[in-house]
Amino acid sequence: MNAMVLHRPGDRLRLERLARPVAGPGQIQIRVEACGVCRTDLHLIDGELDDPILPIVPGHEIVGRVSAVGPQVSGFSLNQRVGVPWLGWTCGKCRYCLSGRENLCDAARFTGYQINGGFAQYTVADARYCFALGDAADAPAAVELAPLLCAGLIGYRALRLAGDAQHIGLYGFGAAAHIIAQVLNHQGRSFYAFTRPGDLDSQQFARRLGAAWAGGTDQPPPAALDAALLFAPAGALVPLALGHTEKGGCVVCAGIHMSDIPGFPYARLWGERTIRSVANLTRNDGLEFLELARQAPIHTAVTVFPLERANEALARLRSGASQGAVVLDLG
């Protein structure tokens, strides 16, 4: 099979011929139809994540078809459409796993980071962490579904941690924010989009999706926020967001990596404001969000590249030149 492989942080991905992986006990083999390109892939390539398994096939927003079922697997059938997220394996035995907090498992392994991912024609995945996806005639195309498997899921968990906030700031209006914006519209909540200063295209995109206001991170919103979701990996945004958040509100940092948070006056935090992070996802998050995505419904805006142009897709994501999500099409 063809795969794009990272051998060393800082290198470009290499197109290589690899043996097709075989599904072992508890696993399914998947013929990949599409895989989203996520900012976490950039963090991996840039060496900002500790302890990757190298060489590695990146990609953790996988949509594909079951092509083989390993021993000790039930509930999946050949050619069934499935999705594979970032969280790829947990021990199932620790205090976190046993208390419904498997996203915090110390032994967890992650797709496209410690387990070969979806920048390949085939992959294998732990069946426990695969989601059945709709296969009706009117179901979205694989390239439109792929961003839901991380941008959507992590965005949804960040939104859940914000509670019932009604006025929500979205910092960084990329793949996750454009999905969560549609969830907020569906729920009748208001959102305010913060982009890089001067990024008028992203601001206009946010307005088309129903933003109550859109502007640069150097501008104040017209109203105080009940919560802020930070999708941009810039620590300097944390005190800025706190400064725009009402008493009792929260700032949720949704990325796996963020630059250092600078010092700020305690007055910005006082008033029972909180700062919290999102770590990965749980299977229950996935089930809840994918059901919500069917009800909303959510339409992802995607810029599509073939597998062999994965480096170009990563560069497009890094530059912020595309609105919505960037996806590799392997169908």
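The values are calculated or read from the model by the stated rules, or taken from the named source; none is laboratory data. Keep in mind the model is a prediction, meaning the values are calculated, not measured. Backbone-built Cβ (ideal geometry, glycine too); neighbour counts: all protein chains shown. Surface areas here come from the heavy atoms of the whole protein model, side chains and all, with no ligands, DNA or RNA. Shrake-Rupley method; radii C 1.70, N 1.55, O 1.52, S 1.80 Å.
Close Cβ contacts (under 8 Å, 6 or more residues apart or on different chains) running from residues in the stretch 285-300 that are exposed (fewer than 15 other Cβ atoms within 10 Å of the Cβ) to residues that are of a type in the set (Gly, Ala, Ser) comprise Arg294/Gly134.
Can you tell me which residues in the stretch 254-278 are part of a helix (DSSP H, G or I) and either surrounded by 14 or more Cβ atoms within 10 Å (Cβ to Cβ) or on the phi > 0 side of the Ramachandran plot (or both)? Break it down into steps so the answer makes sense when it comes.
Going residue by residue through the stretch 254-278, those that are part of a helix (DSSP H, G or I) are 266-268.
Residue satisfying the conditions is Arg268 alone.
Yes or no: Arg207 outside any loop (DSSP other than H, G, I, E, B) and either closer than 22 Å to Ala162 by Cα or free of Cβ contacts under 8 Å to residues at least 40 places away in the same chain (or both)? Spelling it out, Arg207 is indeed outside any loop (DSSP other than H, G, I, E, B) and either closer than 22 Å to Ala162 by Cα or free of Cβ contacts under 8 Å to residues at least 40 places away in the same chain (or both). Go through (1) without any contact (Cβ under 8 Å) to a residue 60 or more places away in the chain; (2) under 19 Å from Met258 (Cβ atoms); (3) aliphatic (A, V, I, L, M); (4) not in a helix (DSSP H, G or I) and name the single condition Ala214 misses. With respect to (1) without any contact (Cβ under 8 Å) to a residue 60 or more places away in the chain; (2) under 19 Å from Met258 (Cβ atoms); (3) aliphatic (A, V, I, L, M); (4) not in a helix (DSSP H, G or I), Ala214 is out only on (2).
Could you go through the stretch 32-49 and let me know if any residue there is in contact with a helix residue (DSSP H, G or I) (Cβ under 6 Å, 6 or more places away or on another chain) and open to solvent by 60 Å² or more (accessible area, probe 1.4 Å). Within the stretch 32-49, none of the residues are in contact with a helix residue (DSSP H, G or I) (Cβ under 6 Å, 6 or more places away or on another chain) and open to solvent by 60 Å² or more (accessible area, probe 1.4 Å). In the stretch 217-233, of all residues being assigned to a loop (DSSP other than H, G, I, E, B) and surrounded by 22 or more Cβ atoms within 10 Å (Cβ to Cβ), the one that is nearest to the chain's Cα centre (by Cα) corresponds to Phe231.
Being in contact (Cβ under 8 Å) with a residue 60 or more places away in the chain, in a loop (DSSP other than H, G, I, E, B), surrounded by 24 or more Cβ atoms within 10 Å (Cβ to Cβ) and not charged (D, E, K, R) holds for only one residue in Gly169, Gly118, and it is Gly118.
Could you pull out the residue among Gly320, Gly331, Gly271 that is more than 15 Å from the chain's Cα centre (by Cα) and under 21 Å from Gln204 (Cα atoms)? Working first, answer last.
On the way: Gly331 fails: under 21 Å from Gln204 (Cα atoms); Gly271 fails: under 21 Å from Gln204 (Cα atoms).
Step by step, each of Gly320, Gly331, Gly271 is checked, and only Gly320 is more than 15 Å from the chain's Cα centre (by Cα) and under 21 Å from Gln204 (Cα atoms).
Does the stretch 242-253 contain any residue that is under 17 Å from the mean Cα position of the chain (by Cα) and at pLDDT 95 or above? Show your work before the answer.
At the first step, the residues of the stretch 242-253 found to be under 17 Å from the mean Cα position of the chain (by Cα) are 252-253.
Going one step further and asking which of them are at pLDDT 95 or above, we end up with 252-253.
Yes, the stretch 242-253 contains at least one residue that is under 17 Å from the mean Cα position of the chain (by Cα) and at pLDDT 95 or above.
Each residue in the stretch 6-18 was checked for being surrounded by fewer than 19 Cβ atoms within 10 Å (Cβ to Cβ), assigned to a strand (DSSP E or B) and in contact (Cβ under 8 Å) with a residue 40 or more places away in the chain, and 1 of them qualify.
Filter the stretch 52-93 down to the residues that are among the hydrophobic types (A, V, I, L, M, F, W, C) and within 16 Å of Leu281 (Cα to Cα), then identify the one that is surrounded by the fewest Cβ atoms within 10 Å (Cβ to Cβ).
Taking the stretch 52-93 first, the residues among the hydrophobic types (A, V, I, L, M, F, W, C) are 53-54, 56-57, 62-63, 66, 68-69, 73, 76, 78, 82, 84, 86-87, 89, 91.
Filter again for within 16 Å of Leu281 (Cα to Cα), leaving 62, 84, 86-87, 89, 91.
On the way: Ile62: 33, Val84: 31, Trp86: 24, Leu87: 26, Trp89: 20, Cys91: 14.
Per the criteria, the residue is Cys91.
For the stretch 279-307, a residue qualifies if it is more than 17 Å from the chain's Cα centre (by Cα), aliphatic (A, V, I, L, M) and assigned to a helix (DSSP H, G or I), and exactly one does: Leu307.
Pick out the one residue from Leu145, Leu149 that is more than 18 Å from Asn79 (Cα to Cα) and in contact (Cβ under 8 Å) with a residue 60 or more places away in the chain.
On the way: Leu145 fails: more than 18 Å from Asn79 (Cα to Cα).
When all the criteria are applied, what remains is Leu149.
Surrounded by 13 or more Cβ atoms within 10 Å (Cβ to Cβ) and either modelled with pLDDT of 95 or more or under 30 Å from Ala139 (Cα atoms) (or both): does that describe Leu281?
Numbers: surrounded by 13 or more Cβ atoms within 10 Å (Cβ to Cβ): yes; either modelled with pLDDT of 95 or more or under 30 Å from Ala139 (Cα atoms) (or both): yes.
When the stated conditions are applied, Leu281 passes them.
Within the stretch 96-115, can you find the residues that are under 26 Å from Arg14 (Cα atoms), outside any loop (DSSP other than H, G, I, E, B) and open to solvent by less than 60 Å² (accessible area, probe 1.4 Å)? Show your work before the answer.
Narrowing the stretch 96-115 to residues under 26 Å from Arg14 (Cα atoms): 109-115.
Subset that is outside any loop (DSSP other than H, G, I, E, B): 109-111, 115.
Result: Phe110, Thr111, Ile115.
If the condition is being within 19 Å of Cys150 (Cα to Cα), among the β-branched types (Val, Ile, Thr) and in a strand (DSSP E or B), then the stretch 19-74 contributes Ile30, Val32, Val37, Ile56, Ile62, Val63.
Looking at Leu184, Leu242, just one residue is open to solvent by less than 10 Å² (accessible area, probe 1.4 Å), under 30 Å from Leu104 (Cα atoms), in contact with a helix residue (DSSP H, G or I) (Cβ under 7 Å, 6 or more places away or on another chain) and part of a helix (DSSP H, G or I), and that residue is Leu242.
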